[in-house]
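Here is the structure we will look at.
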Amino acid sequence: MMSLARRTLLLLAAPLLGALALACQKAQARQVAGGNPERGKTAIATYGCGSCHTIPGVSGAHGKVGPPLTDWSQRVYIAGEVPNSTDYLVRWLEMPQAIEPNTAMPNLRVTEGDARDIAAYLYSLR
């Protein structure tokens with residue numbers, strides 16, 4: 001039989017270990033099916049994302065209208081509406097109003113392929 005102290009320690013440690021495992025998982029770069037970070041960096045410049053956002057590694061991307069896109073892989077939500085997942089990010093980039101109808105983010109008519117590439121680049125940021 002397990003002592004009370006040992007049981008208490010296990011009950012306290014279990015959530016902490018779970019949180020640590022989740023943090024380690026989030027720290028790993030997410031893979032975006034069909035996405036290429038280098039093409040994404042080029043697409044970000046082509047679509048002019050840096051006009052509104054600060055984006056590390058993208059020349060001239062020092063916008064102050066939208067939020068900075070630094071440390072994207074560590075974000076919890078997209079637009080404060082949906083979990084930060086590859087599927088939601090691709091959808092957000094293709095048509096932001098489908099996720100947040102009143103968003104200031106313009107619909108730039110980003111293609112699915114470009115959205116996947118842009119997502120791959122954003123998830124590579126740490």
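The values are calculated or read from the model by the stated rules, or taken from the named source; none is laboratory data. Note that the coordinates shown come from a computational prediction; the quantities given were computed from them, not determined experimentally. For neighbour counting, all protein chains shown are included, and Cβ atoms are generated from backbone atoms with ideal geometry for every residue, glycine included.
Can you work out which of the residues in region 84-106 that are out of contact with any helix residue (DSSP H, G or I) (no Cβ under 7 Å at 6 or more places or on another chain) and not in a helix (DSSP H, G or I) is surrounded by the most Cβ atoms within 10 Å (Cβ to Cβ)? Can you show your working first?
First, pick out the residues of region 84-106 that are out of contact with any helix residue (DSSP H, G or I) (no Cβ under 7 Å at 6 or more places or on another chain): 84-85, 87-88, 92, 95-97, 100-102, 104, 106.
If we keep only those that are not in a helix (DSSP H, G or I) too, we end up with 84-85, 95, 100-102, 104, 106.
On the way: 84: 19, 85: 12, 95: 14, 100: 15, 101: 8, 102: 5, 104: 10, 106: 13.
Among residues in region 84-106 that are out of contact with any helix residue (DSSP H, G or I) (no Cβ under 7 Å at 6 or more places or on another chain) and not in a helix (DSSP H, G or I), the one surrounded by the most Cβ atoms within 10 Å (Cβ to Cβ) is 84.
Can we say residue 56 is at pLDDT 95 or above and crowded, with 17+ Cβ neighbours inside 10 Å? Step through it out loud before you land on a result.
Details: at pLDDT 95 or above: yes; crowded, with 17+ Cβ neighbours inside 10 Å: no.
Considered against the rule, which asks whether it is at pLDDT 95 or above and crowded, with 17+ Cβ neighbours inside 10 Å, residue 56 comes out as no.
Write out, first by first residue and then by second, each pair whose Cβ atoms fall under 8 Å of each other, whose residues are 6+ apart or on separate chains, and whose first residue, in region 78-101, is in contact (Cβ under 8 Å) with a residue 60 or more places away in the chain while the second is aromatic (Phe, Trp, Tyr).
Sorted first by the residue in region 78-101, then by its partner, the list stays empty.
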